[in-house]
Each structure stands twice: as C-alpha cells, then as structure tokens.
1. Quick one: would you say residue 78 is among the polar types (S, T, N, Q), exposed (fewer than 15 other Cβ atoms within 10 Å of the Cβ) and over 16 Å from residue 15 (Cβ atoms)?
2. Filter the stretch 106-124 for residues that are surrounded by fewer than 18 Cβ atoms within 10 Å (Cβ to Cβ), closer than 17 Å to residue 19 by Cα and either touching a Leu at 6+ places or on another chain (Cβ under 8 Å) or of a type in the set (A, V, I, L, M, F, W, C) (or both) and give the result.
3. Working only within the stretch 55-65, note down all residues that are buried (at least 18 other Cβ atoms within 10 Å of the Cβ) and either more than 13 Å from the chain's Cα centre (by Cα) or of a type in the set (Gly, Ala, Ser) (or both).
4. Would you check which residues across the stretch 62-98 are β-branched (Val, Ile, Thr) and part of a helix (DSSP H, G or I) and list them?
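Nothing in this text is a laboratory measurement; each read-out follows from the coordinates by a stated rule. Quantities reported herein were computed from a predicted structural model and do not represent experimental measurements. Don't worry about glycine lacking a Cβ; one is built from the backbone with ideal geometry, like all the others, and counts go over all protein chains shown.
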Amino acid sequence: MTTQQDLPAGTDAQVAITLDSCCKEDAHAVLAALHATFASDRSPEDVPVEPQGGPPIIWSATFDVSRTLGLAEPSRLTEPVVITAQGGYHAVDRLREALAEAFSVRVVGTSAGDQEEEVRLRLESPAAA
C-alpha cells in the first residue's frame, strides 16, 4: 500500500462503508480484505449471511484507517461490486488504496463536503487473481 504515513487516531480516521446488491461471498471478500488491513467495529468472524427469501441485504462496517495492520491479498469476486465509503478525505484515500491491494478499483461517484466525502467505488477481480 502506497498511502501516506499512518493517520492520527480519532474520528478523522474512520471510514464507514456499505455494500449492497452483491452476494454474501463477494461481501465477505471485500470485508475480509479490509479486516486484513484495518481495525473495524465488526469482528473478522462476523461473516455476511443472506436470509432466505428476505429483502436485499446491505452490509456495513466502520474501519479505523489510522494504522495499517497488514496488506490484503488479491481476491476474486463473482461479479463487480460497488461500495460506498464515507469519511475524511485522507481516510477514504487510504481505504481506497488498501482495496487496490486486493481488487481492481475505480471511482464511479463522489460527493464532497467541507470535512468529509462520500465515494462510490467499483471493485472487480484483479487481472492476475
């Protein structure tokens, strides 16, 4: 990961992500890649599940990107996944770069504010995975 030095801990280093419109296996692949890199409000053992016959599921987690725990390995997805990441500018950049270790990442939308931004990222399996 080629991001800047670790960020100071605090709310500026927190990024909230949501995944929807994807299968539980792809949600798990994305969340596992992020858990390999950053601390989260969810346990790595908290594996996504889909209730049978239920409504579409939205998976969410908050990651503290102030300290890098490790690097994620390249990972396969069954289909492209779009996630929404919301947080401070540097924090969202660190999260995006961490995801780029495991997936091909493309920004498909942004909404900016004074202190935070919301970014939609399209993730695909890396070419070499």
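1. On the way: among the polar types (S, T, N, Q): yes; exposed (fewer than 15 other Cβ atoms within 10 Å of the Cβ): yes; over 16 Å from residue 15 (Cβ atoms): yes.
Yes; evaluated as a whole, the condition is true for this residue.
2. Those that are surrounded by fewer than 18 Cβ atoms within 10 Å (Cβ to Cβ), closer than 17 Å to residue 19 by Cα and either touching a Leu at 6+ places or on another chain (Cβ under 8 Å) or of a type in the set (A, V, I, L, M, F, W, C) (or both): 106, 107, 108, 124.
3. The one that is buried (at least 18 other Cβ atoms within 10 Å of the Cβ) and either more than 13 Å from the chain's Cα centre (by Cα) or of a type in the set (Gly, Ala, Ser) (or both): 61.
4. Of all residues in the stretch 62-98, those β-branched (Val, Ile, Thr) come to 62, 65, 68, 78, 81-84, 92.
Answer for the stretch 62-98, where residues must be β-branched (Val, Ile, Thr) and part of a helix (DSSP H, G or I): just 92.
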